[in-house]
Amino acid sequence: MVDAIDYPMFVVTVASSGRRAGCLVGFASQTSIDPQRFLIGISKRNHTHDIALDADHLAVHLLPKDRLDLAKLFGGHSGYEVDKFTRCEWSEGPHGLPILDGAAFWFAGEILRRIDTGDHDGFLLEPVDGGTRTGSEDPKAWITFSDVHDLEPGRDA
């Protein structure tokens, strides 16, 4: 039933101990205005999850619709098999996080808490930095679930 909701999709990136990873996520929500908090759900079977367990920060990216290629790259390939960052443009951001050049908007968040939510872990973030790269502020211009619902995942959740 909840798959009928056309929510935004995000790419989460992480870097820790000389390793980096990123994945496409749909389980995400603002959880508090004051203080600012954002929750990201990452599958426990995901390469990004493994690195995020050792990290202090995550970067969260919102992609414009014309960058479906990035959604497919980060959602359709496993970091266990492919270095996704050799296949896209990015630069090092705050806390050593990989920031995608093709993102419309991004923020870096300090990981405040990890929460077991089932087959995913929730990462509660406090946004500490962010910026705009490219694209529109019109939410209809961002990649949503309906844009990627038929994407074959790089690894099952």
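No value in this document is a laboratory result; all are computed from the given coordinates. Only a predicted model underlies this, so the values are computations on that prediction, with no experimental measurement involved. Because the Cβ atoms are built from the backbone with ideal geometry, glycine has one as well, and the counts that use them run over all protein chains shown.
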Distance in nm between pseudo-label sites at Leu53 and Thr86 (7 Å out along the Cβ direction from Cα): 2.6
Hits among aspartates and glutamates - C-alpha to C-alpha of Lys72 under 19 Å, sequence gap 8 or more where chains match: Asp3, Asp6, Glu81, Asp83, Glu89, Asp101, Asp147, Asp150, Glu152, Asp156
Kirkwood Rh in Å, taken over all unlike Cα pairs in the stretch 52-107: 12.1
When the convex hull of its Cα atoms is projected in every direction, mean area for the chain (nm²): 8.7
Theoretical gain in end-to-end length, Phe27 to Lys44 [0.36 nm per residue, Cα-Cα removed]: 4.8 nm
Euclidean distance between Cα centres, the stretch 6-41 to the stretch 59-92, Å: 14
His149 versus Asp116: modelled label distance in nm, points set 7 Å from Cα along the beta carbon direction: 3.3
Two-decimal log10 I(q)/I(0) for the stretch 18-75, as the Debye equation yields it once each C-alpha is a single scatterer, q = 0.22 Å⁻¹: -1.01
